[in-house]
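Q: I'd like to ask you about the structure that follows.
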Amino acid sequence: MKPDRDAPIGVFDSGVGGLTVAREIMRNLPSEKIVYFGDTARVPYGGKSRENIIRYSRQIIHFLMEQQVKAIVIACNTASAFALEAVRDEFDVPILGVIEPGARVAAAETKNKRVGVIGTVGTVDSGIHASYLKKLDPEITVIGKACPLFVPLVEEGWLHDPVTAEVTARYLQEFKDKDVDTLILGCTHYPLIRSVIREFMGEEVRLVNPAYETALELRSLLEKKELLNTGGKTEEFPYRFYVSDLAEKFRAFAGSILPYDVEMTKKIDIEKY
């Protein structure tokens with residue numbers, strides 16, 4: 001059965017980071033409805049095994065399919081790295097990750113062919129950005145660095161804090177030393193500290209925000225499959241949020257970064273999927 005244009009888009013992440021992707025979808029596809037799932041009970045995914053991340057992703061996709069979504073965005077770099085290929089052909093809706101769109105832009109933008117990638121340990125160790133970038137342009141040198149402290153700093157709300165600036169300087173000095181001219185923010189939490197990263201790296205380094213690029217890619221995918229909602233939102237609550245734990249904490253955080261007030265966040269038992 002062909003999905004309905006009016007059906008929502010499913011977006012999932014290991015926690016709150018994927019809200020940066022949801023935010024870009026809200027801004028760039030304002031007629032679309034969203035069902036968001038944050039796996040707050042099992043966050044972070046960055047240190048988990050491939051097998052576990054694939055299992056978590058399958059459970060979440062089963063839940064989103066129950067919500068009758070027309071497309072799914074894996075708004076988590078680690079899950080995109082480990083699970084996208086495994087789940088893409090198992091379900092009959094288009095599934096999009098956040099890694100390819102960012103890599104494409106970085107390959108097009110770099111002038112000196114020196115691209116940096118920051119992300120979780122899992123994402124960086126997977127080497128997936130490097131393999132995409134090399135496919136697009138074999139001459140690109142990719143320098144990857146895991147920045148595990150960024151996620152807890154963001155979740156603590158320390159977005160413009162001297163501690164965050166200090167950690168940023170410690171992590172990113174290597175990219176300055178290696179003359180990187182393009183830096184992929186390879187974790188969906190990182191756009192929330194973009195201004196701190198920008199200040200340290202300087203105006204001349206291009207920061208690639210895969211959340212924005214993914215929203216644009218989603219738009220063209222929906223257009224191609226004739227699934228783009230052109231009628232506007234009719235529901236009172238077009239955005240629904242579900243989590244596996246700590247619903248109230250999630251709702252407060254979401255309310256602080258989304259361009260609208262988060263009314264409902266519901267905790268569900270994801271293990272039963």
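Q: Using +1 at the Cβ of each Lys and Arg and -1 at the Cβ of each Asp and Glu in the stretch 138-271, identify which of 148, 237, 186 lies farthest towards the dipole's positive end.
A: Of the candidates, 237 comes out farthest on the positive side.
Q: Turning to a different aspect of this structure: Name the shape class, rounded, prolate or oblate, that the alpha-carbon gyration tensor gives for the stretch 197-241, where a ≥ b ≥ c are the square roots of its eigenvalues, rounded holds for a/c under 1.5, and otherwise prolate holds if a/b is larger than b/c and oblate otherwise.
A: Here the stretch 197-241 falls in the oblate category.
Q: If you take the square roots of the eigenvalues of the alpha-carbon gyration tensor of the stretch 90-183 and sort them as a ≥ b ≥ c, do you get rounded (a/c under 1.5), prolate (a/b over b/c) or oblate?
A: Because a/c hits 1.5 or more and a/b fails to exceed b/c, the stretch 90-183 counts as oblate.
Q: Evaluate the relative contact order of the chain (contact order divided by residue number), counting alpha-carbon pairs under 8 angstrom at least 6 apart; express in whole percent.
A: 27 percent
Q: Contact order normalised by length for the stretch 138-273, with contacts defined as Cα pairs under 8 Å and 6 or more residues apart; what percent is it?
A: 18 percent
Q: Once amide H atoms are built 1.01 Å from N in the peptide plane, which residues 5 or more positions from residue 184, or in another chain, come under 5 Å H to H?
A: Close amide H contacts, sequence-distant or interchain: 116, 117, 118, 208.
Q: So which residue, out of 168, 230, 120, gets the largest mean-square fluctuation from a GNM of the chain using Cα contacts under 10 Å as springs?
A: In the Gaussian network model the winner is 230.
Q: Restrict the search to the stretch 127-184; then list the GluC sites (Glu not before Pro) that DSSP places in a loop and that have at most 12 other Cβ atoms within 10 Å of their Cβ.
A: 139, 156
Q: Out of the total accessible area of the stretch 15-130 (probe 1.4 Å, heavy atoms of protein only), what percent is carbon and sulfur?
A: 46 percent
Q: Accessible area per residue for the stretch 99-210 in Å², computed with a 1.4 Å probe and the full protein assembly in place, what is it?
A: Averaged over the residues of the stretch 99-210, the accessible area is 44 Å².
Q: Also, quick follow-up: Compute the long axis of helix 210-224 from its Cα atoms, compare it with the longest principal axis of the Cα atoms of the chain, and write down the angle in degrees, 0 to 90, nearest 10.
A: With rounding to tens, the tilt is 40 degrees.
Q: May I ask you to list the trypsin sites (Lys or Arg not before Pro) in the stretch 89-122 that are in a DSSP loop and have at most 13 other Cβ atoms within 10 Å of their Cβ?
A: Of the trypsin sites (Lys or Arg not before Pro), the ones in loops of the stretch 89-122 whose Cβ has at most 13 other Cβ atoms within 10 Å are 111.
Q: Continuing with the same structure: Please list, by residue number, every one of the GluC sites (Glu not before Pro) in the stretch 1-62 that is coil in DSSP and has at most 10 other beta-carbon atoms within 10 Å.
A: Taking the stretch 1-62 and a limit of 10 other Cβ atoms within 10 Å, no loop GluC sites (Glu not before Pro) are found.
Q: Next question, about the same structure. Which value, in debye to the nearest 20, describes the size of the charge dipole of the chain about its Cα centre when Lys and Arg Cβ atoms bear +1, Asp and Glu Cβ atoms bear -1, and nothing else is charged?
A: 300 debye
Q: I've got another one for you. Does the stretch 1-122 classify as rounded, prolate or oblate by the C-alpha gyration tensor (a ≥ b ≥ c root eigenvalues; a/c under 1.5 gives rounded; else a/b over b/c gives prolate, otherwise oblate)?
A: It comes out oblate by the Cα gyration axes.
Q: Something else now. Could you give the size of the charge dipole of the stretch 99-210 about its Cα centre, using +1 on the Cβ of each K and R and -1 on the Cβ of each D and E, expressed in debye and rounded to the nearest 20?
A: The calculated dipole for the stretch 99-210 is roughly 360 debye.
The values are calculated or read from the model by the stated rules, or taken from the named source; none is laboratory data. This one's a predicted model, so the numbers in the text were calculated from it and none came from an experiment. Cβ coordinates were reconstructed from backbone atoms using ideal geometry, including for glycine residues, and neighbour counts include every protein chain displayed. With ligands, DNA and RNA removed, areas are computed over all heavy atoms of the protein, side chains included. Shrake-Rupley method; radii C 1.70, N 1.55, O 1.52, S 1.80 Å.
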